[in-house]
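Structure, as structure tokens:
Just so it is clear, none of the values below were taken in a lab; they were calculated from the coordinates. Remember, it's a predicted structure, so these values are computed and weren't measured experimentally. Glycine also receives a Cβ, built like all others from the backbone with ideal geometry; neighbour counts cover every protein chain displayed.
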Amino acid sequence: MKAAETKVMISVVSPVYRAQAIVSELVRQMVEALAPLGLEYEIILVEDGSPDASWQAIEVAARQCNAVRGIKLSRNFGQHIAITAGLQTARGQYIIVMDCDLQDAPHYIPLLLQRAREGYDIVYTRKQERRHGWFKNITARLYFSIYNYLAETKSLGEQIGAYSLLSRRAVEAFLQIKDVHRHYLLLVQTLGFPHSTLDIEHQPRYEGNSSYTFSKLLRHALDGITSQSDKLLRLSIGLGFFLFIGSVLYALYLVAAYCIRGAAPGYTSLMAALLFSTGVILVSVGIAGIYIGKIFEQVKERPLYFVEKKTEDYI
């Protein structure tokens, strides 16, 4: 949908997972922030294959508030695919993305809109203090340090969250990116449109715990790094070249030692070198395998997600 074909309105997109007890309060706070603006708005809740009754809660919210539009994906595709589904559905001139856990308060929406009207296509939010557990904070800092070393484009840092505003132009550009392995913020950052940052206060989680386990965070981090950079491949090539030079020098040393004092037992050093070289080879093959796997997923050109149903179909 082109910008000229839409009314001046605001769309709020929120992926929903394990949030049956949060949906009603989420919608209430969104409406409380949006209604005084005097603009047409919509609230798009994308249920991402949640195992609880989140969809039923969305249906109730849609019956009670005409602005709520629910989308139920056929299975769990992941937070960033769910955000993409919401962006493809959104009709607004300005589209706000936010998590459903209410750690990012909806009352910042008017400030995001005000900043966008100053001429920015993208408005990020920066948390003054992350209200996550110590382990998640440390791993996030570690991830972004590694990412900034490996990636061509530096990340915005762990203080920048998914809570953000995009103009219609930015959303249309974002949707042109067909990457299967998606990281919302990293893709938005590649757009290059004028952007600004709004400082916000991160709130304690309204209810429950994060659905991101350590294995999910690790997989997400690996996807984020390998989908945005091929530096790991180049590092593995460099490491292989370094070991090759080292092995040549070591071979020359062995020949010289043999000529000077004859053969000497070297089982320990031989096994250590063999095991180390084998480990490096396996790691390099594994890195290449990750990239090959991503190419395999990308060339299949399957749809990013499938929609099971929408509230507007029967409400």
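Between Ser277 and Ile260, what is the label-point separation in nm under the 7 Å Cα-to-beta-carbon projection?
Each label point is offset 7 Å from its Cα along the Cβ direction, giving 2.2 nm.
Each label point is 7 Å from the Cα along the Cα-to-Cβ direction; what then is the distance between the points at Thr190 and Phe296, in nm?
About 2.2 nm separates the two model spin labels.
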